[in-house]
1. So which aspartates and glutamates can Lys76 reach, going by Cα to Cα under 15 Å and dropping same-chain residues fewer than 8 places off?
2. Note down the relative contact order for the chain as a percent, whole number, built from C-alpha pairs under 8 angstrom at least six residues apart.
3. Please report, in whole Å, how far the alpha carbons of segment 44-93 spread along each principal axis, starting with the longest.
4. Lys/Arg Cβ at +1, Asp/Glu Cβ at -1, dipole of segment 44-93 taken about the Cα centre: which of Ser71, Gly57, Ala87 is farthest positive-ward?
5. Taking the Cα atoms only, what angle lies between the long axis of helix 45-101 and the longest principal axis of the chain, rounded to 10 degrees?
6. Which log10 I(q)/I(0) values, to two decimals, does the chain give at q = 0.19 Å⁻¹ under the Debye formula with one point per Cα?
7. Give me the extension gain from Val8 to Leu80: residue separation times 0.36 nm, minus the current Cα-Cα distance, reported in nm with one decimal.
8. GluC sites (Glu not before Pro), restricted to segment 27-102: which are DSSP loop and have at most 16 other Cβ atoms within 10 Å?
Amino acid sequence: MNNKQIEVACPCCETRLVVDVLTSTVLRASGPQQVDETGKVRLDESRWDAARDRVHGRGAEAEDRLESALSAERDKESRLDDLFEKAREKVRRSSEDEEEES
């Protein structure tokens, strides 16, 4: 822990909180059953596995988002061509209507 973080013990439930002084946000919270006799948080394999799974999931999620963006970029040209053709057809119809009225 450094000067930008403080550790506080809740008087009601004895939960240990690590708070960022600059942002006033709780960085970690550990209940009394998660702390050893010295006051340090016990290492728990399931917490480590869950954190590892979240990190691995981020990579797959980012890859999916990148692939989606690339696919949208590839399709952009054909969508813009379709919009251009529709606009051209609309202009042509409006000019034909004006000629018929004259």
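No value in this document is a laboratory result; all are computed from the given coordinates. Computed from a predicted model, the values in this text were never measured in an experiment. We place every Cβ from the backbone using ideal geometry, glycine too, and count neighbours over all the protein chains shown.
1. Once the sequence-local aspartates and glutamates are set aside, what remains near Lys76 is Glu67, Glu85.
2. Values: 57 pairs, mean separation 11.4, N = 102.
Here the relative contact order equals 11 percent.
3. 71, 14, 5
4. Selected residue: Ala87.
5. The answer is roughly 20 degrees.
6. Each listed q maps to, in turn, -1.03.
7. Details: separation 72, 0.36 × 72 = 25.92 nm, distance 5.80 nm.
The Val8-Leu80 span can extend by a further 20.1 nm.
8. Numbers: sites: Glu37, Glu45, Glu61, Glu63, Glu67, Glu73, Glu77, Glu85, Glu89, Glu96, Glu98, Glu99, Glu100, Glu101; in loops: Glu37.
Answer by residue number: Glu37.
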